[in-house]
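Trainee: I have a structure I would like to understand better, so I am pasting it below and will then ask my questions one at a time.
The values are calculated or read from the model by the stated rules, or taken from the named source; none is laboratory data. Owing to the predicted nature of the structure, the values given are computational and were not obtained by experimental measurement. We place every Cβ from the backbone using ideal geometry, glycine too, and count neighbours over all the protein chains shown. Heavy atoms of the whole protein, side chains included, go into the accessibility calculation; ligands, DNA and RNA do not. Shrake-Rupley method; radii C 1.70, N 1.55, O 1.52, S 1.80 Å.
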Amino acid sequence: MTKPTPHPLEEPGHQQRILEPCILVIFGATGDLTARKLFPAIYNLKREGLLPTNFACVGFARREKSHEDFRKEMKEAVSEFSRVKPLEDSVWNALESKIYYHTSSFDDKQGYASFKTFLETLDLQLGTKGNRVFYLSTQPSYFPVIIENLHLSKLMYDFSTTKDKWSRVIIEKPFGHDSDSAHKLQTELLKHLSEEQIFRIDHYLGKETVQNLLAFRFSNAIFESLWNNRYIDHVQITAAEEIGIGTRGKFYEEEGLVRDFIQNHMMQLLSLVAMEPPHNLSADAVRDEKVKVLECISPFSETTFTTHAIRGQYGPGFISGESVKGYREEENVAKDSNVETYAALKLFIDNWRWDGVPFYLRGGKRLPKRATEIAVVFKTAPGKLFHAAKANIESNVLAIRIQPNEGMSLKMNCKVPGPQNIIQPVKMDFRYGAFFGCAPPEAYERLICDCIYGDSTLFARQDEVFNSWRILTPLLQHWESEKEKPFPNYPAGSWGPQSSDEFMQREGRSWRLL
Amino acid sequence: MSSEYIVSPSQIEPKLTTVWDSLQGTGKTRACLFNLIIYTQNNKRVDYLYSVAQKVISKFPSRVIFVTIDEEVPKETLKTSVSVISSESELNPTACDLINILLSMQNRERAPFMILPHIITDLPVYLLWADDPSKNDPVSQKLERLATRVIFDSESTDSLLCFAKAVLNHKKSSGSDIADLNWARIEGWRQLLTETFKGADKLAALKNLSQITLHYNCLETKFFCHTKIQALYLQGWIARQMGWTFSASRKQQNSSLITYKTQDHSVQVELKPKQITAMAPGRILEVDLLCKDGELFHFSRSQEDPHIINIHHSTPTLCQLPMQFIFDRYESGQSLVKEIFHHGTSSHFFSLLQWLSSLKGLDIA
């Protein structure tokens with residue numbers, strides 16, 4: 001294959017990436033995600049000069065609305081939710097005239113036909129060259145319908161035959177409800193799309209600290225040499241939220257915490273922590289290695305349902321001194337709901353590097369604080385040199401904080417000054433904010449930009465999703481088949497059910513107090 | 001910025017420790033990603049260089065060692081002071097050390113010895129050499145050997161061609177990576193033009209250019225008087241990257257003209273001065289790129305918000321709706337940091353310097 005001739009004005013590795021002109025279409029544009037995340041991200045990309053010059057964003061939704069109404073609403077949303085405040089009028093004005101709205105239901109063929117004409121007019125006016133990103137910010141049940149209509153109206157181009165323009169689709173989680181439904185959804189999508197056109201978004205992967213995991217692991221030789229079962233005792237991955245389910249009662253009743261958090265975000269973190277070095281940083285090389293990790297994890301089974309998994313549901317309690325209601329009292333939640341809002345799992349990766357090292361995953365709603373962290377707990381130092389002096393020897397812990405206070409710390413033991421051999425654990429701490437001052441961009445900014453650029457490294461590939469479901473689906477089915485659980489089993493504002501602590505005690509370990 | 005404390009050279013580090021101790025509880029974190037040495041003769045641009053340092057540390061905290069050589073102070077002058085500087089944004093929790101060294105001209109050879117003890121180990125050293133590199137300063141070689149990267153300032157030169165030759169010589173002798181503040185300042189324009197001409201059809205238009213008109217802000221201030229350099233860089237970059245051959249140049253009443261030859265036609269470049277008091281000197285204000293077939297790309301900087309570039313693209317049969325491109329907010333600080341911190345020497349910059357230094361007959365620079 002001949003290498004494409006480089007563009008004379010482009011300086012590889014030096015300049016910012018050059019984005020091609022395009023139109024970003026948001027399906028479900030009247031939803032919360034659009035207002036809270038997508039438009040603030042688009043605004044900040046514009047503000048940073050990271051959107052293509054020839055660009056437009058079109059909202060597509062059922063609700064009747066004019067371009068002007070939509071612009072006004074989005075302006076209010078950006079003012080409220082943008083990470084950079086106040087809204088800069090000059091930036092907004094530059095963006096506003098490129099925001100449009102199209103009213104149609106997702107299954108109305110006429111609506112798509114007029115939409116196509118509208119987009120083609122924009123192409124002529126704005127020089128967007130027919131390139132499209134379709135962001136499906138809708139309920140998953142609409143994905144196949146939208147894709148089929150995009151195909152029928154010729155808005156979706158054939159990846160293998162169309163070379164002068166492109167169309168890509170960003171799909172929000174959850175991708176399926178279990179193993180079977182994920183495969184079924186993929187089959188539906190592949191009728192009209194190729195895998196290269198599908199960008200399954202997991203916003204965790206857009207976070208700077210998650211991206212830094214690869215840099216941290218593979219650009220620092222000292223850690224990589226210790227990154228195996230010889231030196232690591234276990235790994236704890238925690239994703240804790242102090243907020244409850246809010247207005248998402250209906251969603252949570254159908255999905256629960258494992259589908260909301262663990263199947264996607266936490267399994268992604270696990271695979272990044274445990275993967276082998278990729279042969280380069282291309283999307284496929286990185287994702288190939290992540291998939292290999294997941295392939296080495298056995299699915300839950302009869303023998304591990306009770307020994308390797310704990311679940312819980314919050315009851316009434318206190319958050320920041322304020323009383324809060326229990327899950328079963330939340331809006332759109334059944335009074336006898338058996339849905340989990342907490343889960344703790346133990347997984348093993350059956351490969352050479354990780355044989356015998358447990359990976360503990362803990363996620364929960366209404367825990368004492370918001371914290372996502374990966375903690376690599378090392379084995380204690382061998383020998384009895386300091387144990388004899390009843391010194392307080394603790395395991396070294398490398399903690400990678402994903403949010404908030406992004407950074408990492410290393411716990412190590414140190415002699416307390418004085419004549420006695422007293423050992424005290426101390427912490428070496430690195431905080432992003434303390435070194436790089438400015439706030440990192442929001443995950444959605446990076447991911448939207450990547451999709452326009454056509455870089456799928458930070459998006460989940462089909463086999464990652466399938467493997468994740470393969471591991472977890474038996475457990476979810478087992479839980480669904482169980483009779484009523486003694487829920488709630490932890491008060492809001494605590495670190496989860498007592499059974500979870502007991503589970504770790506039986507392992508001879510304990511959860512980290514974050 | 002904390003108060004400035006005048007100390008003897010041996011007390012620089014102890015005093016900084018005391019200052020930091022006194023700042024405990026203020027929420028400021030001492031941070032440093034690299035050493036930034038700024039070396040300049042005491043002239044009108046010192047204040048400007050401080051403002052550049054301020055912008056750099058807002059984005060990436062660093063230990064700033066600011067060396068000023070003053071011809072007018074008594075010959076025995078050797079004055080050192082320390083302070084703590086922080087970002088202008090209150091949200092930024094970081095702050096950094098600033099070490100000021102003032103030396104008389106007679107004492108300037110002491111500068112490297114004064115700097116050496118205060119370089120933070122294991123971190124890169126960036127040297128901002130604010131004087132004309134073509135002047136043979138005996139200190140420069142010694143400092144360049146310390147530096148991971150040397151950032152020159154073409155504003156300090158009277159001849160861009162001499163500047164290009166001198167910078168290349170410095171690179172050859174020190175082996176450090178190089179950058180230039182004026183090259184950094186046009187990064188947004190380079191980005192914009194690259195993006196505009198991405199794609200086969202646009203590349204064809206670029207190859208068909210017959211006329212380039214650049215308007216630049218000729219306003220002179222106490223900081224800037226060589227206002228044509230950014231415009232010269234930008235046109236030179238296009239010409240170099242497109243492989244055009246320099247043919248002739250001349251000054252005319254209100255502008256400078258450069259002619260290039262491509263494989264099958266010639267390209268006329270015109271640099272036009274325009275004075276806008278509300279904008280920074282030397283900034284490129286407008287760029288018109290006209291193709292042989294009449295296709296026109298017009299870029300103009302918004303006067304209300306200089307970060308915004310309005311773009312009009314038209315062909316003899318079609319006129320697109322205007323678009324906007326947004327440059328980085330803090331051009332001098334941010335683009336400088338991008339140039340010096342994230343990347344090595346820009347290969348485009350290096351080849352532009354080589355090209356400039358080989359030109360004969362460019363009498364407008």
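Trainee: What size of dipole, in debye to the nearest 20, comes out for region A:9-60 about its Cα centre when the only charges are +1 on Lys and Arg C-beta atoms and -1 on Asp and Glu C-beta atoms?
Mentor: On the way: 5 positive and 5 negative charges, 54 e Å.
Rounded to the nearest 20 debye, it is 260 debye.
Trainee: Then there's this: What's the center-to-center distance, using Cα atoms, between region B:45-77 and region A:33-98 in Å?
Mentor: Taking the Cα centre of region A:33-98 as reference, the centre of region B:45-77 is 41 Å away.
Trainee: Between A:Glu302 and A:Asp89, how many nm apart are label points set 7 Å from Cα along the C-beta direction?
Mentor: Result: 7.2 nm between the two label points.
Trainee: If eta is 1.567 mPa s and T is 4 °C, what Stokes-Einstein diffusion coefficient results for chain A, Kirkwood Rh from Cα pairs, in µm²/s?
Mentor: 52
Trainee: With +1 assigned to the C-beta of every Lys and Arg and -1 to the C-beta of every Asp and Glu, and no other charges, what is the dipole magnitude of the protein assembly as shown about the Cα centre in debye, to the nearest 20?
Mentor: Once rounded to the nearest 20, the dipole reads 1340 debye.
Trainee: Ignoring ligands, DNA and RNA, what percent of the accessible area of the protein assembly as shown is carbon or sulfur (1.4 Å)?
Mentor: 52
Trainee: Next question. Pop the C-beta distance of A:Phe386 and A:Asp429 into the FRET formula with R0 = 35 Å and round what comes out to the nearest 0.05. All intermediate terms of the calculation are to be shown ahead of the outcome.
Mentor: Numbers: r = 24 Å, r/R0 = 0.67.
It comes out at approximately 0.90.
Trainee: Taking one equal scatterer on every alpha-carbon of region A:272-426, how large is log10 of I(q)/I(0) by Debye at q = 0.10, 0.13, 0.18, 0.21 1/Å?
Mentor: -0.62, -0.95, -1.21, -1.30
Trainee: Right, here's the next one. Calculate the FRET efficiency for B:Ser89 and B:Ser3 from the Cβ-Cβ distance with a Förster distance of 25 Å, rounded to the nearest 0.05.
Mentor: Plugging the Cβ-Cβ distance into 1/(1 + (r/R0)^6) gives 0.75.
Trainee: Mind checking which of B:Ser89, B:Ser156, B:Ser174 has the largest fluctuation in a GNM of chain B, springs on alpha carbons under 10 Å?
Mentor: Top of the fluctuation ranking is B:Ser89.
Trainee: Am I reading the B/A interface right? What is its buried accessible area, both sides, 1.4 Å probe, to the nearest 100 Å²?
Mentor: Chain pair B/A: roughly 3800 Å² of buried accessible area.
Trainee: Also, I was wondering about something else. Ignoring ligands, DNA and RNA, what accessible area per residue does chain B give at 1.4 Å, in Å²?
Mentor: On the way: 14960 Å² over 365 residues.
Averaged over the residues of chain B, the accessible area is 41 Å².
Trainee: Counting only C-alpha contacts under 8 Å and six or more residues apart, can you give the relative contact order of chain A as a whole percent?
Mentor: This gives 17 percent for chain A.
Trainee: Estimate the FRET efficiency between A:Phe318 and B:Gln275 by the formula 1/(1 + (r/R0)^6), using the beta-carbon distance for r and 56 Å for R0, to the nearest 0.05.
Mentor: Efficiency, rounded to the nearest 0.05: 0.30.
Trainee: Shifting gears a bit: Output the relative contact order of region B:5-184, whole-number percent, from Cα pairs under 8 angstrom with separation of 6+ residues.
Mentor: In percent, rounded to a whole number, it is 22.
Trainee: Can you classify region B:186-356 as rounded, prolate or oblate using the Cα gyration tensor, where a ≥ b ≥ c are the square roots of its eigenvalues, rounded means a/c under 1.5, and otherwise it's prolate if a/b beats b/c and oblate if not?
Mentor: Details: a/c = 1.29, a/b = 1.20, b/c = 1.07.
Rounded.
Trainee: Are there residues in region A:52-73 whose accessible area shrinks by at least 40 Å² when all protein chains are included rather than the chain by itself, and which are they (probe 1.4 Å, ligands and nucleic acids not counted)?
Mentor: A:Thr53
Trainee: Separate question: Below 8 Å, C-alpha to C-alpha, sequence gap of six or more: please give me the relative contact order for region B:186-356 in percent. Before the final figure, lay out each step's value.
Mentor: Values: 291 pairs, mean separation 38.0, N = 171.
Relative contact order, region B:186-356: 22 percent.
Trainee: Another question, if that's okay. On average, how much area does the Cα convex hull of region A:387-478 cover when viewed from any direction, in nm²?
Mentor: For region A:387-478, the mean projected area of the Cα convex hull comes to 11.5 nm².
Trainee: Considering the options A:Val333, A:Leu472, A:Gly206, tell which one lies farthest towards the positive end of the dipole of chain A, charges being +1 on Lys and Arg and -1 on Asp and Glu at the Cβ, about the Cα centre.
Mentor: Of the listed residues, the answer is A:Gly206.
Trainee: Further question: Out of the DSSP beta bridges found with both residues in chain B, what percent are antiparallel (nearest 5)? Please report the intermediate quantities before stating the final value.
Mentor: Details: 48 of 85 bridges.
Of those bridges, close to 55 percent are antiparallel.
Trainee: Still on this structure, I have one more. Binning at 5 Å from 0, report for region A:176-293 what percent of all alpha-carbon pair distances ends up in each bin.
Mentor: Pairs per bin, as whole percents: 2, 8, 14, 20, 19, 15, 11, 7, 3, 0.
Trainee: If you count, for every residue in A:45-51, the Cβ atoms of partner chains within 10 Å of its Cβ, what is the mean?
Mentor: On the way: counts 1, 3, 4, 4, 13, 1, 3.
Per residue, the number of nearby Cβ atoms from other chains is 4 on average.
Trainee: Compare B:Gln241, B:Gln54, B:Gln263 in a GNM of chain B, Cα atoms joined below 10 Å, and give the one with the largest fluctuation.
Mentor: Comparing B:Gln241, B:Gln54, B:Gln263 in the GNM, the peak value goes to B:Gln263.
Trainee: Roughly what % of DSSP beta bridges within chain A run antiparallel, to the nearest 5?
Mentor: Taking every DSSP beta bridge within chain A, about 60 percent pair in antiparallel fashion.
Trainee: Can you give the mean number of other chain Cβ atoms that lie within 10 Å of the Cβ atoms in peptide A:123-133?
Mentor: 2
Trainee: Also, quick follow-up: Taking a ≥ b ≥ c as the square roots of the Cα gyration tensor eigenvalues, with a/c under 1.5 meaning rounded and otherwise prolate when a/b beats b/c, else oblate, which class fits region B:5-184?
Mentor: Prolate, since a/c reaches 1.5 and a/b exceeds b/c.
Trainee: In this model, which of B:Lys171/B:Lys222; A:Lys46/B:Lys272; A:Lys163/B:Lys198; A:Lys46/A:Lys75; A:Lys346/A:Lys427 are farther than 19 Å apart at the alpha-carbon? Write down the numbers at each step before the final one.
Mentor: Numbers: B:Lys171/B:Lys222 29 Å; A:Lys46/B:Lys272 30 Å; A:Lys163/B:Lys198 15 Å; A:Lys46/A:Lys75 14 Å; A:Lys346/A:Lys427 27 Å.
Pairs exceeding 19 Å: B:Lys171/B:Lys222; A:Lys46/B:Lys272; A:Lys346/A:Lys427.
Trainee: Per residue of region B:160-167, in order, report the coupling 6.51 cos²θ - 1.76 cosθ + 1.60 (Karplus, θ = phi - 60°) as ³J(HN,Hα) in whole Hz, putting x for Gly and Pro.
Mentor: Per residue, the Karplus-derived 3J(HN,Hα) values read 5, 5, 5, 4, 4, 4, 5, 5 Hz.
Trainee: With the Cα gyration tensor of region B:164-232 in hand, give its eigenvalues times 5 under a square root as the equivalent ellipsoid semi-axes, listed largest first in whole angstrom.
Mentor: Details: eigenvalues 155, 81, 25 Å².
Semi-axes, largest first: 28, 20, 11 Å.
Trainee: Using a 1.4 angstrom probe, figure out how much accessible area chain A has per residue, in square angstrom, rounded to the nearest whole.
Mentor: Working: 22240 Å² over 514 residues.
The answer is 43 Å² per residue.
Trainee: Shielding of A:83-95 by partners, i.e. mean partner chain Cβ atoms within 10 Å per residue?
Mentor: 3
Trainee: Now, a different point. Could you check which residue among B:Asp201, B:Asp180, B:Asp137 shows the biggest mean-square fluctuation in a GNM of chain B with a 10 Å Cα cutoff?
Mentor: B:Asp201
Trainee: Another question about this same structure. May I ask you to order B:310-321, A:33-44 by the average number of other C-beta atoms within 10 Å around their residues, highest value first?
Mentor: A:33-44, B:310-321
Trainee: At what distance in nm do the modelled label points of B:Trp355 and A:His279 sit from each other, each positioned 7 Å from its Cα along Cα→Cβ?
Mentor: 3.8
Trainee: How much length is gained if the chain between A:Ile243 and A:Leu410 is pulled fully straight, taking 0.36 nm per residue apart and subtracting their Cα-Cα distance, in nm to one decimal?
Mentor: Here the segment from A:Ile243 to A:Leu410 would lengthen by 57.3 nm.
Trainee: Ok, one more. Counting only GluC sites (Glu not before Pro) that sit in a DSSP loop (anything but H, G, I, E, B) with at most 14 other Cβ atoms within 10 Å, what is the longest stretch of chain B containing none of them?
Mentor: With a cap of 14 other Cβ atoms within 10 Å, the longest stretch comes to B:91-219.
Trainee: Shape call for chain B from the C-alpha gyration tensor, a ≥ b ≥ c root eigenvalues: rounded (a/c under 1.5), prolate (a/b greater than b/c) or oblate? Let's see the in-between values first.
Mentor: Details: a/c = 2.38, a/b = 1.77, b/c = 1.34.
Prolate.
Trainee: Please compute the modelled spin-label separation between A:Asp69 and B:Gln106, points set 7 Å along Cα→Cβ, answer in nm with one decimal.
Mentor: 8.2
Trainee: Could you work out how far the C-alpha centroid of region A:316-346 sits from that of region A:126-183, in angstrom?
Mentor: 35
Trainee: Next up: Kindly provide the helix-only [θ] at 222 nm of chain A, computed as the sum of -39,500 (n - 2.57) over DSSP H runs of four or more divided by all residues, to the nearest 500 deg cm²/dmol?
Mentor: The per-residue figure over chain A is -9500 deg cm²/dmol.
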